[in-house]
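The values are calculated or read from the model by the stated rules, or taken from the named source; none is laboratory data. These figures come from a predicted structure and were not determined experimentally. Glycine also receives a Cβ, built like all others from the backbone with ideal geometry; neighbour counts cover every protein chain displayed. Calculation scope for accessible area: heavy atoms of the full protein, side chains included, ligands and nucleic acids excluded. Shrake-Rupley method; radii C 1.70, N 1.55, O 1.52, S 1.80 Å.
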Amino acid sequence: MTQMRKWATPLTMGVFLLMAVTGVLMFFHLDTGLNKLAHEWLGWVMVAGVGAHLAVNARAFLSHLKKPLARGIMGAMVAVLALSFVPMAGAGGSPVSAVMQAVERADVGTVIALSGQEEAAGLARLAEAGFVAEAGMPMQVLTGGDRGVQAQVIGVLFAE
């Protein structure tokens, strides 16, 4: 625990700074470069750092839970977390997700047309990349419903 104490709190502090700055930038749509990627992936470092920090400071953490204010704040955050999973009518969700779902429901010929190519050229491009496709084939059949494969197909068709 002594060794963990040396790095757990500084790691938590450092990664919190990164998460706070990148989160604020993303909230205001000011993120550039690797901000979003750093925020998403280094969030895992924060989880590890906070876990280690809690392990080292377990006694202090547990004593906080005996206080009504601390229990109330933590209970409120648990409630907000639970509510964040409730789907909201009319909230719309991510436009990227909506586009990906529409592409999945479309046929290959439609997606080729959206890419601005002639159908034969798009099919040839897909064949060159190892995808056996026909114009009327549903994208879901071509990709097996795999979003990663769907992204590859889109990458092939929309590449310059």
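Looking at the stretch 50-62, can you tell me whether even one residue there is at pLDDT 90 or above and in contact with a Pro (Cβ under 6 Å, 6 or more places away or on another chain)?
no
List pairs: first in the stretch 148-160 and farther than 17 Å from A98 by Cα, second assigned to a helix (DSSP H, G or I) and open to solvent by 40 Å² or more (accessible area, probe 1.4 Å), Cβ under 6 Å, 6+ apart or cross-chain?
What qualifies is V156/R125.
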